[in-house]
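S.K.: I'd like to ask you about the structure that follows.
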Amino acid sequence: MTEKIRRVRWVQLDLGEEEKKALADCIDRGWIAGGGPATQELERTVKRLVDVKHAVACSSGTTALMTALYAVIPDARRAAIPTFTFVATVNVTRNLIEPVLVDCDPATLNLSLKDLSAVQWDCVIPVHVGGLPVDMAEVVETAEKRNGWVIEDAAEAIGAQYRGKPVGSLGDLACFSLYASKVVASGEGGFITTNSDELAEKCRQIINQGYAPRNEEAPWEYLHSSFGLNFRITDLQAAVAVEQLKKLPRFLERRSRIASIYREMLNGKVGFQQVPPDRTHPYYLFLILVEEPKRDKVIRRLTERGIEAKVTWRPVHLQPFYRHDGRPLPNAEHAWRQVIALPIHNKMSEEDAVYVSDQLLNILVS
């Protein structure tokens, strides 16, 4: 008898009538561009969630990172960035600030604190890999000693906590993504969080063509007091994000349950991204490590059985655009050759998680 193949998606949106109504409301009130009621509600919601003074909505996680960098230039000239990250983290620095690539920690896959201390920088962009928080106390302490800036790349980490504090409240600035695959999704979009009044105002001007604060005496005048670009989120995207954020507790609970099934069933058979006890993981990604000679075969066999799995990012220093002969970054290279991102999403069933685990176990012994 032929084994029945069950399709398990790597990501699946969880959108419903609430999001449809929110979009219709934007259209009905005639405001679909940025800066409207939905954008303002998104920023208020994010401030409460992340427990910060300011949230600035942007058109993407990438533009959030670029805005944050513009806000700290020219004080910052060299940015330490983990090589084990999606390439956008480094792309934003090009032509703005010199990137200094840092190796990853073999257990957490986040940036190596040891390697961070070995290079020169005045800005660090710690990436919360897959959503797992970096050891931010150590990062912030190191930055303070160097009088440097800390910009969290929290694109994957919405809902994560480090020592009881929300990710996004731990550095000078933090940048989140609302891309379609993320835990909270609005198609495209992102936001910046900060407790600095000065940085928040800089960011607001940068995303909006450098507009000065509103001139009450002549509100009709185009007045640009600083450099800026159009990095605004639309109210349509913001409206979807607001409704998605209302569902965040349910999304996190579902992902945690799927992760628990994977860990229980695969324990001792594969390696896992290690989650220290002082932080919570929102599981945007569930990462396993398989011995290098087997990894590609495992991916192919999972695909044949209807299971969408991915290899996370090739380290930046091995990307064709950035390839270089700089100092060795062996942990990231080793991790990349072993890592697999198993399916995990807001609508995934426990039965799907069991199926993925069973199929993976069968593949590993075959």
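S.K.: Over segment 140-244, what lengths in whole Å, largest first, do the semi-axes of the equivalent ellipsoid take, defined as the square roots of 5 times the eigenvalues of the alpha-carbon gyration tensor?
M.R.: 27, 21, 10
S.K.: Taking Cα pairs under 8 Å and at least six residues apart, what relative contact order does segment 1-133 come out at, in percent?
M.R.: Contact order relative to length: 18 percent.
S.K.: For labels at ASN362 and GLN12 in the simple 7 Å Cα→Cβ model, what's the distance in nm?
M.R.: Here the answer is 2.0 nm between the modelled labels.
S.K.: Between segment 19-72 and segment 200-251, how far is it from one alpha carbon centroid to the other, in angstrom?
M.R.: Segment 19-72 and segment 200-251 have Cα centres separated by 7 Å.
S.K.: To continue, here is another question. Students often forget the sequence filter, so: which aspartates and glutamates lie under 19 Å Cα-Cα from LYS310 once same-chain residues fewer than 8 apart are removed?
M.R.: Straight-distance partners of LYS310: GLU156, GLU291, GLU292, ASP296, GLU333, ASP352, ASP358.
S.K.: Something else: Given the options LEU229, LEU101, LEU285, state which has the largest fluctuation in a GNM of the chain using a 10 Å cut-off (strictly under) for Cα springs.
M.R.: LEU229
S.K.: Specify the longest stretch of the chain that does not include any exposed loop site, a site being one of the GluC sites (Glu not before Pro) with a non-H, G, I, E, B DSSP assignment and at most 13 other Cβ atoms within 10 Å.
M.R.: With a cap of 13 other Cβ atoms within 10 Å, the longest stretch comes to 4-215.
S.K.: If exposed means no more than 13 neighbouring beta carbons inside 10 Å and the site is in a DSSP loop, what's the longest run of the chain without any exposed chymotrypsin sites (Phe, Trp or Tyr not before Pro)?
M.R.: Longest site-free region, per DSSP loop and neighbour criteria: 1-219.
S.K.: Based only on Cα atoms, what mean projected area does the convex hull of segment 1-150 have, in nm²?
M.R.: 14.2
S.K.: A follow-up question, please. To one decimal place, what Kirkwood hydrodynamic radius in Å is obtained for the chain from all pairs of distinct Cα atoms?
M.R.: In the chain this quantity evaluates to 21.3 Å.
S.K.: Evaluate the distance, in nm, between pseudo-label points positioned 7 Å from the Cα of GLN209 and of ILE27 along their respective Cα→Cβ axes.
M.R.: Here the answer is 2.7 nm between the modelled labels.
S.K.: To the nearest 20 Debye, how big is the dipole of segment 26-108 about its Cα centre, given +1 on the beta carbon of each Lys and Arg and -1 on that of each Asp and Glu?
M.R.: In debye, rounded to 20, segment 26-108 gives about 200.
S.K.: What is the Cα centroid distance between segment 92-159 and segment 325-341, reported in whole angstrom?
M.R.: For segment 92-159 versus segment 325-341, the Cα centre distance is 17 Å.
S.K.: Counting Lys and Arg as +1 and Asp and Glu as -1, what is the net charge of the other residues whose Cβ lies under 10 Å from the Cβ of THR63?
M.R.: Its environment carries a net charge of 0.
S.K.: Ok, one more. Which whole number in µm²/s is D for segment 248-365 by Stokes-Einstein, with the Kirkwood Rh taken over Cα pairs at 10 °C and 1.306 mPa s?
M.R.: 103
S.K.: Which net charge results when you count Lys and Arg as +1 and Asp and Glu as -1 among the other residues whose beta-carbon is under 15 Å from that of GLU351?
M.R.: +4
S.K.: Explain nothing, just the number: dipole magnitude of segment 248-365 about its Cα centre with +1 on each Lys and Arg Cβ and -1 on each Asp and Glu Cβ, in debye rounded to the nearest 20.
M.R.: That gives segment 248-365 a dipole magnitude of about 220 debye.
S.K.: Still on this model: Per the helix-only calculation at 222 nm, which mean residue ellipticity applies to the chain, given -39500 (n - 2.57) for every DSSP H run of n ≥ 4 and division by its residues, nearest 500 deg cm²/dmol?
M.R.: Only helices count here, giving -11500 deg cm²/dmol.
S.K.: Also, I was wondering about something else. Roughly how big is the chain's charge dipole about its Cα centre, with Cβ charges of +1 (Lys, Arg) and -1 (Asp, Glu), in debye to the nearest 20?
M.R.: Result for the chain is approximately 1040 debye, rounded to the nearest 20.
S.K.: How much length, in nm to one decimal, is gained on full extension between PHE227 and ILE5, taken as 0.36 nm per residue of separation minus their Cα-Cα distance?
M.R.: Full extension of this stretch gives 74.4 nm more.
Every read-out reported here was derived from the displayed coordinates using simple, explicitly stated rules and does not represent laboratory data. Remember, predicted model here, so these are calculated numbers, not experimental data. With ideal geometry, Cβ positions are generated from the backbone for all residues, glycine too; neighbour counts draw on all protein chains shown.
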